[in-house]
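Each remark here refers to the structure printed beneath this line.
The values are calculated or read from the model by the stated rules, or taken from the named source; none is laboratory data. Keep in mind that this is a model prediction, so the values were computed, not measured. Quick reminder, even Gly has a Cβ in these numbers, built from the backbone with ideal geometry, and neighbours come from all protein chains shown. Quick note on the areas: whole protein, heavy atoms, side chains included, nothing else; ligands and nucleic acids left out. Shrake-Rupley method; radii C 1.70, N 1.55, O 1.52, S 1.80 Å.
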Amino acid sequence: MTITVNGEALQGDPWPGQCLRTYLREHGHFEVKTGCDAGDCGACSVLVDGSPVHSCVFPAFRAAGHEVTTVAGLGTPDEPHPMQRRFVDAAGFQCGFCTAGMITTASALTPDQLTDLPAQLKGNLCRCTGYRAITDALAGAVNTKKVGGAGDSVGAPAGLRVATGIEQYTMDHAPEGLLYMAVLLSPVPHARIASIDTTDAEALPGVRLVLTHRDSPAVAFSTARHDSRLDDPDDSFVLDDTVRFVGQRVAAVVADTAALADNACRLIRVDYDELPAVFDPEVARSAGAPLVHDGKGPDARIADVSRNLVAELHGGVGDVAAGLVAARESGGAVVRGRWTTQRVQHAHLETHGCTGWRDDEGRLVIRTSSQVPFLVRDELCHVFGLDRSEVHVFTRRVGGGFGGKQEMLTEDLVALAVLRLGQPVRYEFSRSDEFTTAPCRHPVRVDATVAAGADGVLTALAVDVLMDAGAYGNHSPGVMFHGCGESVSVYRCANKRVDAQSVYTNNIPSGAFRGYGLGQVIFAVESALDELAQRLGLDPFDLRRRNVVVPGDGFTDAHVADDDLTFGSYGLDQCLDLAQGALASGDGTAPPAGPQWRVGEGMAIAMIATIPPRGHFADASVSWDTDGDYTLSVGTAEFGNGTSTVHAQLVASELGIGADRVRIRQSDTDATVYDTGAFGSAGIVVAGLAVQSACRDLLAKVSAGGGAPLVGHGRHDGTPRSVAFNVQAFRVAVNVGTGEVHILQSVQAADAGVVMNPEQCRGQVEGGVAQAIGTALYEELLVGPNGAVTTKDLRNYHIPQLADLPVTEVYFADTHDALGPFGAKSMSESPYNPVAPALANAIARACGARLHQLPMTPARVWRALQ
Ligand code: FES
Ligand code: FES
């Protein structure tokens with residue numbers, strides 16, 4: 001059959017049942033992305049005879065004789081389509097993975113349709129932006145400049161490449177001889193594999209390799225990656241003889257096609273010796289509970305195998321009981337309560353995946369969607385007994401991460417297959433894999449106690465935290481420590497107590513997710529404080545003003561001596577004023593008409609360390625090249641956090657040149673010395689300081705009389721660390737008849753130090769608020785009685801669409817951080833943290849129903865009202 005694709009005839013025969021998306025990509029049209037393969041996300045949108053379709057659900061044969069236009073057919077970087085230009089000028093994307101589909105759909109909208117974007121774009125999801133920037137793009141707003149330095153809204157260096165579909169993401173290539181991996185997942189929550197028969201699978205023509213636990217290196221590791229591999233328990237193997245959750249890997253097949261590999265998986269016969277399973281963390285930590293990691297020794301670094309404890313912490317200052325007495329005796333108030341949060345999925349549009357092969361020198365090469373390529377390289381070396389010089393790991397542009405790609409979920413299996421076969425092998429998660437086997441946000445139960453005298457001064461603050469780690473301990477110690485850190489230490493209080501346990505269960509593993517535990521604990525602390533303010537008859541902003549830490553205070557979080565945490569700057573006071581002032585302006589939308597709608601306002605605050613603790617390292621180099629331009633090499637990955645733009649601005653400002661003269665090589669273990677990775681919002685501060693010192697080294701060499709080519713080198717070790725702040729406020733209308741919540745006004749004030757790129761930073765705040773509104777109001781990964789995830793697609797797991805979100809007003813405090821590059825602080829994950837409690841507080845003040853459980857669905861709000 002013949003299809004005309006972007007004006008050229010494409011001839012071929014799709015296989016029976018093949019969709020247009022895979023057919024186009026098989027023929028090199030990598031600009032057609034995949035986010036779901038189910039018609040839910042729009043990443044695969046193309047035009048067929050000028051009308052947008054989701055090519056993943058459009059049969060390829062139906063395109064025969066028709067004109068297909070992809071985003072690459074709309075325009076090129078030299079001659080972009082007006083819609084492509086608009087997305088670049090408005091900074092209409094972050095990771096950009098949704099952008100090809102978004103632009104393709106938008107290019108076909110009529111002027112009338114452009115006035116109804118909630119309906120017209122309901123088939124195109126964006127997980128990063130919160131949609132305001134996309135709306136701006138469609139309206140033709142110009143939010144960026146082409147050149148500029150620190151403090152300017154410079155557009156992304158890769159802007160036109162992303163908008164025209166030629167920027168490469170992880171899967172946008174097909175090495176010669178590529179083989180495909182499929183993985184058999186466990187149907188039972190806890191079992192030993194009694195036997196596994198791969199005979200039929202191996203006999204299937206086209207199958208090259210079947211891997212089981214018998215093929216796995218006997219080296220334990222954690223899928224979580226940190227600078228120190230000792231941060232997480234070594235409780236996982238590439239393939240294990242014991243399964244601990246429904247969805248765990250059991251076996252892998254490598255075959256000539258993905259379909260063959262899938263079919264072969266179905267031919268593997270496994271006999272499971274089922275073991276007792278436990279799904280409730282409260283039960284799991286009780287005497288006599290089934291043990292999830294029974295038999296593991298001290299080498300695994302599990303806090304207590306016999307109590308299913310991944311990690312625990314207990315500590316405090318002062319005397320909480322005395323603080324409660326003091327509050328009561330002074331006519332104050334005490335609030336106690338239990339707050340719970342749910343499992344949430346990152347739902348980055350690009351799924352996890354990697355491709356591995358051997359290079360000409362026989363080295364193992366892995367091209368991956370990771371946020372942490374250097375840490376993946378080091379762990380592959382550990383697991384497979386290889387030297388660093390034998391492994392090359394790199395990323396191209398990564399299609400979103402939010403912490404989910406700070407895990408090694410595909411690279412180890414692909415490495416095992418490549419080392420056995422010597423041929424290129426690819427393993428790409430489906431959307432269903434993302435929901436059923438990739439780690440999610442920790443579900444957390446927090447018992448919070450707060451007390452204050454009649455003057456509103458806190459006399460006691462205590463949290464008792466129980467986290468469900470799921471079947472593996474990846475990130476659980478860190479999430480627990482971090483969650484109980486800045487949530488508590490942002491308040492000055494003489495009597496504090498933190499007790500926390502992270503507990504193994506036979507549920508899907510929990511892992512790193514934007515905010516890293518803070519969002520969950522802050523939901524409890526900030527809700528309790530709001531109730532305390534109500535009981536004391538105090539304005540909630542004023543209650544915070546009376547109790548938050550200020551420069552000169554120490555950070556007492558009851559359990560960690562954060563010696564290197566300090567006030568490089570302080571803007572929390574400004575953030576409180578900005579958010580309160582914006583709310584007082586009465587902007588936003590009017591409530592729906594009718595007596596059943598009640599209106600209320602709520603707020604919450606958050607503090608976050610600008611760098612993860614215990615070491616985060618970055619190396620960078622800047623070369624002055626013979627063509628007169630500059631090349632920046634930096635290890636951190638670009639996944640929509642915007643670090644490449646800011647790094648180019650830093651070089652421009654330091655060297656006094658335009659950012660358009662800076663080429664960037666990044667996230668490649670062969671291209672730079674080392675970088676811990678893109679997490680903990682460290683890209684601007686840690687990697688940024690390394691970039692800054694590389695520039696200064698280069699300038700020193702130029703001042704000493706050097707000429708091109710010249711290279712400057714820089715390094716930063718992630719210490720000392722500063723703190724950043726966020727204050728979120730909402731006005732909401734609640735329907736007391738149905739429990740429905742409408743957001744009338746959303747305001748976030750942020751202290752990001754000197755804002756390096758205002759448009760980009762605004763986008764990070766909006767995206768964080770959007771993701772948190774999803775968490776607060778409707779997102780929830782549901783599990784069945786055996787722990788199996790039942791919300792396996794984007795149709796049943798609802799992430800915010802354009803129609804769901806309010807515009808969030810973003811304000812920045814005017815501060816200059818003594819510790820950050822050009823006075824900047826990080827601002828990627830922290831905007832998420834105060835959103836859920838601010839919404840809960842607004843709902844409580846609107847209708848009197850205080851929600852203690854996320855998500856705050858209409859049913860839950862209605863029940864709380866009864
Ligand atoms: S990949 Fe086609 S709609 Fe998601
Ligand atoms: S920019 Fe839309 S999904 Fe990342």
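Cross-link pairs exceeding 25 Å in C-alpha to C-alpha distance, out of 33/122; 145/825; 405/825; 33/145; 146/405; 146/825, comprise 33/145; 146/405. Reported to the nearest whole Å, the Cα centre-to-centre distance from region 757-823 to region 451-469 is 26. The length gained on full extension between residue 661 and residue 146, counted as 0.36 nm times the residue separation minus their Cα-Cα distance, comes to 184.3 nm. Here residue 203 and residue 361 are evaluated by their C-beta separation; at R0 = 56 Å the FRET efficiency comes out at 0.95. Largest first, the extents of the alpha carbon coordinates of region 448-589 on the three principal axes equal 48, 40, 33 Å. Across region 327-335, computed HN-Hα scalar couplings (Karplus, 6.51 cos²θ - 1.76 cosθ + 1.60, θ = phi - 60°) run 5, 5, 5, 9, x, x, 8, 10, 10 Hz from first to last residue, x flagging Gly and Pro.
A convex hull fitted to the Cα coordinates of the chain yields 159 cubic angstrom per residue.
By DSSP, what percent of the beta bridges with both residues in region 309-432 are antiparallel, rounded to the nearest 5?
Working: 9 of 13 bridges.
In region 309-432, DSSP labels about 70 percent of beta bridges as antiparallel.
Near residue 714, within a Cβ-to-Cβ distance under 14 Å, what is the net charge of the other residues, with Lys and Arg +1 and Asp and Glu -1? Once all neighbours under 14 Å are counted, the net charge is -2. Remark: spin-label model distance residue 708-residue 577 equals 4.7 nm, labels positioned 7 Å along the Cα→Cβ axis. Here the relative contact order of region 630-775, from alpha carbon pairs under 8 Å that lie six or more residues apart, stands at 19 percent.
Using R0 = 25 Å, the C-beta based FRET efficiency linking residue 420 and residue 229 works out to 0.55.
Roughly what % antiparallel, to the nearest 5, for the DSSP beta bridges in the chain?
Working: 106 of 139 bridges.
Roughly 75 percent of the DSSP beta bridges within the chain come out antiparallel.
Relative protection proxy for 453-461, 780-788, 371-379, 730-738, from highest mean packing down: 371-379, 730-738, 453-461, 780-788 (other beta-carbon atoms within 10 angstrom). If R0 equals 30 Å, the separation of the Cβ atoms of residue 387 and residue 700 corresponds to a calculated FRET efficiency of about 0.30.
Specify the inter-centroid distance of region 243-288 and region 473-543, based on alpha-carbon positions, in whole Å. So the separation of the two Cα centres works out to 33 Å. Ignoring solvent entirely, what values of log10 I(q)/I(0) come out of the Debye formula for region 709-866 at 0.10, 0.11 Å⁻¹ when each Cα is a single scatterer? Computed log10 I(q)/I(0) values: -0.48, -0.56.
Over region 668-749, the pair-distance histogram of Cα-Cα distances with 5 Å bins from zero comes to 3, 11, 14, 13, 11, 9, 8, 7, 7, 6, 5, 4, 2, 1, 1, 0 percent, rounded to whole numbers.
Annotation: amide H-H contacts under 5 Å for residue 663 (H modelled 1.01 Å from N, sequence separation of 5 or more, or interchain): 630, 631, 632.
Taking all protein chains in place and a 1.4 Å probe, what share, in percent, of the accessible surface of the chain do carbon and sulfur account for? List each step's numbers first, then the result.
Details: 14340 of 28380 Å².
That share works out to 51 percent.
Using the 1.4 Å probe convention, the accessible area of the chain works out to 33 Å² per residue with neighbouring protein chains retained. Taking square-rooted eigenvalues a ≥ b ≥ c of the alpha carbon gyration tensor, is region 1-84 rounded, prolate or oblate, where a/c under 1.5 means rounded and, failing that, a/b exceeding b/c means prolate? Oblate, since a/c reaches 1.5 and b/c is not below a/b. Peptides 509-515, 407-413 ranked from most to least packed, by the mean per-residue count of other Cβ atoms within 10 Å: 509-515, 407-413. Whole-Hz Karplus values for region 539-547 come out as 5, x, 5, 5, 4, 5, 4, 6, 10 Hz, taken residue by residue from phi with 6.51 cos²θ - 1.76 cosθ + 1.60 and θ = phi - 60°; glycine and proline positions read x.
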